Ligand code: FAD
Ligand code: DLZ
Ligand code: SF4
């Protein structure tokens with residue numbers, strides 16, 4: 001009997017578990033469907049990325065002699081959903097056996113579990129072994145722990161996978177973490193090298209035309225697309241990072257600069273999350289750069305921590321805590337998302353930089369996501385559901401398994417401290433220290449009460465005052481709470497009044 005092997009849009013890896021025992025006569029089913037293109041209003045370049053990479057992957061499989069049944073979005077028979085396409089294929093090939101690697105989003109995993117009962121077929125869901133820690137291993141690690149801290153998980157991953165370890169079991173360089181050395185402000189005379197961009201080929205151009213026709217109102221310009229869509233391109237992008245940016249990645253990992261959307265970042269999340277790159281290989285090659293003396297330890301450790309530590313930890317949390325996680329709202333935030341998140345039209349220069357960069361490239365680097373748009377959402381008390389949807393829609397690398405714990409957990413503290421031990425709340429002083437944004441801003445970063453006071457200053461103290469009781473038991477919030485206690489009541493009242501004026505104007509849709 002023919003086995004149908006369903007490959008999803010972010011499962012573009014030849015070593016995928018669902019393809020491991022591919023036999024002659026089996027059919028690989030890949031389907032572009034409206035349901036996946038519309039469950040959030042994806043950035044136009046994200047849709048181009050996924051569909052173009054899917055089409056390229058299908059071609060690569062075919063070139064190896066694999067039978068691929070590829071359903072295009074513009075096929076008049078298209079069933080609009082993955083379920084519908086599976087049903088059609090089951091009938092066409094007169095088979096009842098479907099093999100699939102588990103999807104990266106809970107909603108789809110749930111749906112697939114209903115297919116045997118609903119469609120009367122046999123669905124074998126296999127683990128996704130493209131990660132370094134399985135969902136079961138993470139569960140075992142988490143079991144019985146009072147709190148789940150990335151740092152301890154990361155150390156176990158380093159030991160378990162033998163990455164950056166000395167033969168005596170000590171971490172390379174005698175320390176696990178060089179984070180403290182990765183917080184430098186970028187000097188004005190450092191110019192990050194331009195990363196490679198990948199001009200669209202004929203396949204991508206066809207997808208761009210499709211996206212322009214079908215999704216004309218989505219964020220971004222499909223025609224400006226330049227992300228890697230094949231394994232070969234993704235590897236070239238990573239090599240460019242190794243050769244030109246890894247050495248400085250550590251120093252300026254947390255920096256922000258006007259007009260530099262990419263800085264020294266790797267730009268590999270789109271490829272990693274699609275399956276075009278393998279995290280094990282990336283860690284090994286970064287480690288080799290350190291061992292060969294090409295890149296310093298603080299840079300290589302900083303990079304490996306993101307892949308072996310944060311990425312795996314975030315995924316572990318997602319599968320450990322879903323489906324409850326998507327409803328968590330520990331700070332009771334309810335404010336609607338302001339329209340400027342979609343347009344970038346705001347007087348706050350930091351927000352404008354982060355959002356216009358996002359519109360242009362479907363990308364913002366980590367500190368922009370966390371300390372600019374995320375920090376603003378936290379301080380202003382924006383509804384976590386709306387914020388989640390925005391992050392899931394606008395970034396080309398966004399799938400719920402990685403987007404949600406980062407947004408709801410790390411940025412918004414809506415999980416009450418599962419991902420991070422304290423909220424990443426910061427006033428304008430932090431942004432001024434780490435960027436050159438404030439110099440050219442309408443607002444005054446040194447002011448906290450006047451009519452042009454930096455909104456991050458007023459919202460920061462309003463936020464701390466609003467949640468003072470909730471943070472009282474958190475030792476890591478002792479400093480801001482002490483700052484609050486020491487503040488003269490008249491100043492606090494003026495700050496909070498200014499915060500209310502700002503938030504009221506924002507809620508009314510005024511240009512703030
Ligand atoms: P670099 O800064 O060069 O880092 C290298 C790699 O490390 C990344 O490609 C990524 O694979 C991994 N990494 C780093 N930090 C994280 C992290 N916190 N979680 C998971 N992986 C990490 N990343 C996504 O891949 N998809 C998302 O939808 C996503 N949403 C985010 C939302 C918020 C609010 C925040 C604060 C972070 C989010 N991140 C997300 C994590 C991070 O911002 C991106 O992975 C990174 O910006 C991608 O760019 P890069 O490849 O240049 O990364
Ligand atoms: C993101 C996405 C988009 C835009 N389109 C498709 C598609 O047409 N077909 C498909 O198989 N996958 C697509 N994807 C990726 C899926 O949304 C992704 O596989 C799930 O969210 C699980 O991570
Ligand atoms: Fe952002 Fe405030 Fe600086 Fe303006 S002054 S760029 S709003 S931190």
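Values computed for the structure shown
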item: Highest-first arrangement of 304-312, 82-90, where packing means the average Cβ count within 10 Å; result: 304-312, 82-90
item: FRET efficiency estimate (nearest 0.05) - Cβ-Cβ, residue 143 to residue 110, R0 22 angstrom; result: 0.40
item: For the stretch 415-442 versus the stretch 12-52, the gap between their alpha-carbon centres in whole angstrom; result: 37
item: Helix 384-394 vs. the chain, principal-axis angle (Cα, 0 to 90°, nearest 10); result: 60
item: Extension gain from residue 118 to residue 508, taking 0.36 nm per residue of separation minus the Cα-Cα distance; result: 135.7 nm
item: Separation between Cα centres of the stretch 245-310 and the stretch 65-118, rounded to whole Å; result: 36
item: Mean separation of Cα contacts under 8 Å, 6 or more apart, over the residue count of the stretch 340-507: relative contact order %; result: 18
item: Efficiency of FRET from Cβ geometry, residue 152 and residue 180, R₀ 25 Å, rounded to 0.05; result: 0.90
item: Order of 421, 18 - criterion: other Cβ atoms within 10 Å of each residue's Cβ, fewest first; result: 421, 18
item: Förster radius 41 Å - calculated FRET efficiency between residue 485 and residue 442 (Cβ-Cβ, nearest 0.05); result: 0.85
item: The chain: relative contact order as a whole-number percent, Cα under 8 Å and 6+ apart; result: 16
item: 222 nm mean residue ellipticity, helices alone, for the chain (DSSP H n ≥ 4; -39,500 (n - 2.57); rounded to 500); result: -13000 deg cm²/dmol
item: Normalised contact order of the stretch 2-126, rounded percent, pairs of Cα under 8 Å and 6 or more residues apart; result: 34
item: Model label zone, residue 217; criterion: amide N under 18 Å from point 7 Å along Cα-to-beta-carbon; scope the stretch 381-403; result: 390, 393-394
item: Span per principal axis, largest first, for the Cα atoms of the stretch 293-367 (Å); result: 47, 34, 20
item: Ranked packing of 474-481, 55-62, most packed first, by mean Cβ within 10 Å; result: 55-62, 474-481
item: For the stretch 2-126, the fraction of alpha-carbon pairs in successive 5 Å shells from zero, as %; result: 2, 10, 22, 26, 23, 12, 4, 1
item: At 0.692 mPa s and 37 °C, Stokes diffusion of the chain via Kirkwood alpha-carbon radius, µm² per second; result: 135
item: Additional length obtainable on full extension of the chain from residue 168 to residue 433, 0.36 nm per residue less Cα span; result: 91.5 nm
item: DSSP beta bridge pairing in the chain, given as percent antiparallel to the nearest 5; result: 5
item: Alpha-carbon centroid distance for the pair the stretch 344-366 / the stretch 131-201, whole angstrom; result: 26
item: Nearest 10 degrees, 0 to 90: helix 455-466 Cα axis against the chain principal axis; result: 90
item: DSSP bridge pairs, the stretch 2-126: antiparallel proportion in percent, nearest 5; result: 0
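Every number here is computed from the coordinates shown, using simple stated rules; none is lab data. Here the structure is a predicted model, which is why all the values come from computation and not from measurement. When we count neighbours, we look across all protein chains shown, and the Cβ atoms used for this are built from the backbone with ideal geometry, even at glycine.
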